[in-house]
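Structure record follows, encoded as structure tokens.
Throughout, read-outs are computed from the coordinates displayed, never taken from laboratory work. What you see is a predicted model; the values in this text were computed from it and never measured. Cβ coordinates were reconstructed from backbone atoms using ideal geometry, including for glycine residues, and neighbour counts include every protein chain displayed.
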Amino acid sequence: MSTDNATGSISATESLAAILVGGRSRRFGSDKSTYLWNSKPLWRHVADAVSPLELPIVLACSEPKAIVDNPFPVIYDLQPYQGPLVSLLSLFKQSQARNILVLACDMPLVKPPVLQLLCQPSPNAIQLLENGNGLAPLPGLYRRDCIKTLQQLINKGQRRMKDLLESNLPISIIAEAEWMQIDPLKQSIVNVNQ
């Protein structure tokens, strides 16, 4: 994978993993991208969990900032601080990836086998984990088929992941009973804001 330093564009690849590191971290209280947990930045724990999948990894950030010891390309939001849907659309527009495994940097306990389940082939635009009576939007696998709906939602001022999940896009759901065999404590969907 290569990066164009001027634009942050990524060369063509079938799939990539994107770790969201760039929001304002209002609920968290400080910049999550610099927060150390067990002697490592939060995002590094997530990157370590993705590594066994052998996917190219990028960090998605709202605007340029220093990310300590970062060996990965950084993709900046086309519109800073406009929410996760803008981040996802920015990732698709600045890469050729057909599939993007999207993770939050504040989910340091995510399990690699759960991520492997998410990356299984599916005909649908989105693939998510069931969580109780609902769906966990992160981690999740999002396909290029989402672009038109992402743009429509953003144009209407809808910028939350929940808005995308409530759209008419088809979603493949990995049953909670299936993924909890791998992760019985459901740590893969826990974020440190909770």
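Structure values in brief
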quantity	calculated
Chymotrypsin sites (Phe, Trp or Tyr not before Pro) within the stretch 34-139: DSSP coil, no more than 13 neighbouring Cβ in 10 Å	81
222 nm mean residue ellipticity, helices alone, for the chain (DSSP H n ≥ 4; -39,500 (n - 2.57); rounded to 500)	-6000 deg cm²/dmol
Chain lengthening between residue 148 and residue 182 when straightened (0.36 nm per residue, less Cα-Cα)	8.8 nm
More than 17 angstrom apart: percent of Cα pairs within the stretch 132-187	44
Student exercise, the stretch 88-194 dipole from Lys, Arg, Asp, Glu Cβ charges, in Debye to nearest 20	500
Histogram of C-alpha separations across the stretch 40-133, 5 Å bin width, %	2, 11, 21, 24, 24, 12, 4, 1
Qualifying aspartates and glutamates (Cα of each under 18 Å from Cα of residue 111; at least 8 residues distant if same chain)	48, 54, 130, 176, 178, 183
Selection from 66, 15, 38 lying farthest towards where the dipole of the chain points positive, charges on Cβ	66
Rounded, prolate or oblate (a/c below 1.5 giving rounded, otherwise prolate when a/b exceeds b/c) for the stretch 58-194 by Cα gyration tensor	oblate
Ranked by how many other beta carbons lie within 10 Å on average, peptides 167-178, 57-68 from highest	57-68, 167-178
Relative contact order [Cα under 8 Å, 6+ residues apart], the chain, whole percent	23
Mean Cβ neighbour count within 10 Å, used as a protection proxy, ranking 135-143, 153-161 highest first	135-143, 153-161
